[in-house]
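What follows is a short report on a single structure.
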Amino acid sequence: MQTPNSDAGESEGLLEEIRGLKAENDDQRLKIAALERRIAIQPQTGLPTRYRLEIELDELIERLTAEGNTRGFTLLILQLGDDYSNLRKTLKASVSEWILYQTGMRIAGMLRPEDLLFHTHENEFVVALLDLKGAELGSFLRPFLTRLSEAHIFAGLNIALKVTAGAAYWPEHGASRHQILQSADIAADASRERHRRFSLFKPSLLARAVEKVELQNAITKAFENIDEQFFLLFQPKVFVSALEGNRLRISAVEAEVLIRWKHPERGILSPDAFIPLAEETGLIMPLGKWLIYQSTRKLVSTRAAARVCSGMSINLSARQFHSDDATRILSTALSRSGARPGDLTIELTETGFFEDPVSAARTISRFKDLGVRISMDDFGTGYSSLSHLHRFPLHEIKIDKQFVEHLDTSNDDRVIVRSLVSIATGMNLALVAEGVERPEAVKMLWNMGCKGFQGYLFSRPLDERGFIDFCNKLAEAGMVWNLAA
Ligand code: C2E
Ligand code: CA
Ligand code: CA
């Protein structure tokens, strides 16, 4: 179950107040009843709250146990996804409240009289389905979840929200209220994380949840020793000015900084294994600060050791990027290290841009005032809204590797890349193709008009020394790269 929101915080306070009261006379009894009504009903939907869920689940479990465990139930957790949170930020409160109300009504309309329904958190509903498991549960859920994802039509708007679900069986997946709630919650998390519509609890999900908690604890501990536990790799990003036969003339080399975690037991972990965790725990903020300070220092030392290196780029996650601190940290790091702002590029993913375009535009314009460059990473994978693109003062677009991988066999990918190239050239932006592994891909991309390349063909991510050697070897070769070699 999710962490309590402010409403829940208020409920906690009321709960304390109720516990502190003694029902010694009618006045006090009336007061207790009034307070209980306030924490028992969600105002947006009129449905019973988490407070009621706990009471009624206990009663249900007690009743079924007294009947001799001949019957059971499925506890189903339904969650509205990030698109609901975004909607809430961008539209009037009345619209999101109306959608919650509608969702509550849709769920209620599909339940049987003996089922229980609760509105436990702003974006979360919990249902207890009596004697409904296995294939029968499947037949119930298919139309049920489809109906919940259908668009809501409101004041000319057409709003469809993703609903994900997780379920656990009582008593198989947990006999007590606490255990069954935890199991259903783990299943709901699994759906959300893997972008699935539905997951049923199974023991391996519990094992994964435990592992996640362990990793979370480990990353928290790793921060006590940040300089030893985390390190940076540098992957060359090359810009080409001419292709003559198999010879590429390189006009500039930059490095993308890629972080690694030296986990004490599990060895070296890639960012995909821990950045999401760092985001969830909020540790991404100190990690990002460390990364920015380190990278600006490395930018200065690398440029001194490898003259042909003309810049570095760092990845900032959406959360870091939208924080109020980002500009201040960046500006302090630049002035302390003495790095030239124009040599630093900030790579942001599309989701980072469009999740909150207003805040993104504000931060980007502050970054621009500092003089750093902005690159849109993984272009083409998110909900890239081309119509928004011109609103951001960008310098570079990176074509995601998924379009580069199959360029020679997939006509669709060629069409996409060609249009990305024409957007970038039309807007006067630099273009970098990532995940370039084969010489043929370089030739095709070059012929389409792409001049920036990054990928294993040129180099895997390297340590600082390796990157300096890469640059100096290229300089010795007269800035020529032989594709046939
Ligand atoms: P990204 O920014 O798209 O980085 C490119 C990823 O592709 C890197 O994986 C890189 O090692 C890999 N790669 C490079 N060339 C090739 C190739 O030719 N073929 C294939 N198959 N892969 C290639 P890595 O280092 O594991 O990073 C994964 C993601 O983690 C990055 O994706 C980036 O989004 C994120 N990340 C990395 N470092 C940081 C960081 O310091 N902060 C934040 N917030 N995110 C980071
Ligand atoms: Ca990147
Ligand atoms: Ca990328």
Handout entry: Residues of region 45-72 satisfying the condition of being over 15 Å from HIS178 (Cα atoms) and out of contact with any Gly (no Cβ under 8 Å at 6 or more places or on another chain)
Key = PRO48, THR49, ARG63, THR65, ALA66, GLU67, GLY68, ASN69, THR70, ARG71, GLY72
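In this structure, does ILE468 turn out to be surrounded by 13 or more Cβ atoms within 10 Å (Cβ to Cβ), of a type in the set (Val, Ile, Thr), modelled with pLDDT of 95 or more and touching a strand residue (DSSP E or B) at 6+ places or on another chain (Cβ under 9 Å)?
So ILE468 fits the description; yes.
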Fill in the blank from the handout: Over region 321-348, the set of residues more than 17 Å from SER365 (Cβ to Cβ) and within 12 Å of ligand 1 (Cβ to nearest atom) is GLU347
Handout entry: Scan of region 471-484 for residues that are aliphatic (A, V, I, L, M), in contact (Cβ under 8 Å) with a residue 24 or more places away in the chain and exposed (fewer than 14 other Cβ atoms within 10 Å of the Cβ), ordered by number
Key = VAL480, ALA484
Exercise for the section: Report the residue count in region 39-63 for those that are without any contact (Cβ under 8 Å) to a residue 40 or more places away in the chain and either out of contact with any helix residue (DSSP H, G or I) (no Cβ under 6 Å at 6 or more places or on another chain) or exposed (fewer than 12 other Cβ atoms within 10 Å of the Cβ) (or both). Expected result: 6
Completion exercise
Scanning region 423-465 residue by residue, the ones that are of a type in the set (S, T, N, Q) and farther than 26 Å from GLY245 by Cβ total 1
Handout entry: Filter result for SER313 (within 13 Å of ligand 1 (Cβ to nearest atom), surrounded by 21 or more Cβ atoms within 10 Å (Cβ to Cβ), of a type in the set (Ser, Thr, Tyr) and assigned to a helix (DSSP H, G or I))
Key = no
Practice task
Scan region 267-274 and give yes if some residue there is farther than 26 Å from MET312 by Cβ and under 22 Å from the mean Cα position of the chain (by Cα), otherwise no.
Solution key: no
Handout entry: Cross-chain or 6+ apart pairs with Cβ under 7 Å, region 293-311 first and farther than 23 Å from ALA477 by Cα, then surrounded by fewer than 16 Cβ atoms within 10 Å (Cβ to Cβ)
Key = VAL300/GLY338
Problem - Those strands (runs of 3 or more DSSP E) lying entirely in region 186-291 with at least 3 residues out of contact with any Cys (no Cβ under 6 Å at 6 or more places or on another chain) and touching a residue at least 60 places away in the same chain (Cβ under 8 Å) - result: 230-244, 247-263
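The values are calculated or read from the model by the stated rules, or taken from the named source; none is laboratory data. What you see is a predicted model, and the numbers here were worked out from it, not measured in a lab. Glycine also receives a Cβ, built like all others from the backbone with ideal geometry; neighbour counts cover every protein chain displayed.
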